[in-house]
Amino acid sequence: MPLLSFFLLINTSCEKDDFCIKNPITQSVIINFYDDSSKETLKNVKNLYVWAEGKTDSIYINQTINTITLPLNSNTTETIYNFSKENVVNQFAITYNPVDEYVSRSCGYKVIFNDVTFSSDNTWIIGFTPETLTTIENQDEAHVQIFH
């Protein structure tokens, strides 16, 4: 009987391993580039360089691409990116309210970005849509369409 009590005590005192299976992701902004003369047609940006304001390292370096994914700084309410195409730099600002969202004990928190606003100095970028979003909380589709 003492041996059975010992195993019962050991079995009931163990905690289950807590694994994060939800894979919480702090969201990034996804941008698609479109042809300004044919707004339904994706258009590559040639020789694109992208870097965050105040940083020296580029995220995209000399790429020909029509979709980019950019992280947002969850410790502030604005992230500014510089987009360079053929040595012409366009600033693209993203303002937002970051909100920590609890996922689970094992996963911790992820950040959701609310009240998102986009602005540009429109040097080589002719326009973009939308100018505002309620939230960025998924990575399934583009959040912004830039026309050039």
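Exactly one of these conditions fails for GLN139: (1) part of a loop (DSSP other than H, G, I, E, B); (2) more than 30 Å from ILE21 (Cβ to Cβ). Give me its number.
Unmet condition: (2).
Only one of these conditions is not met by SER104: (1) hydroxyl-bearing (Ser, Thr, Tyr); (2) within 18 Å of the chain's Cα centre (by Cα); (3) over 18 Å from ILE30 (Cα atoms). Which number is it?
That leaves (2) as the condition not met.
Filter the range 33-48 down to the residues that are within 23 Å of the chain's Cα centre (by Cα) and not in a strand (DSSP E or B), then identify the one that is surrounded by the most Cβ atoms within 10 Å (Cβ to Cβ).
Step by step, filter the range 33-48, then rank; the result is LYS43.
Go through (1) surrounded by fewer than 15 Cβ atoms within 10 Å (Cβ to Cβ); (2) touching a Phe, Trp or Tyr at 6+ places or on another chain (Cβ under 8 Å); (3) hydroxyl-bearing (Ser, Thr, Tyr); (4) at pLDDT 95 or above for THR76 and report which single condition fails.
Against the list (1) surrounded by fewer than 15 Cβ atoms within 10 Å (Cβ to Cβ); (2) touching a Phe, Trp or Tyr at 6+ places or on another chain (Cβ under 8 Å); (3) hydroxyl-bearing (Ser, Thr, Tyr); (4) at pLDDT 95 or above, THR76 comes up short only on (2).
For the range 49-63: of the residues being free of Cβ contacts under 8 Å to residues at least 24 places away in the same chain and not in a loop (DSSP other than H, G, I, E, B), which is farthest from the chain's Cα centre (by Cα)?
ASN62
The values are calculated or read from the model by the stated rules, or taken from the named source; none is laboratory data. Fair warning: this is a prediction, and the values are worked out from it, not measured in the lab. Every residue, glycine as well, gets a Cβ built from its backbone with ideal geometry; the counts of neighbours run over all protein chains shown.
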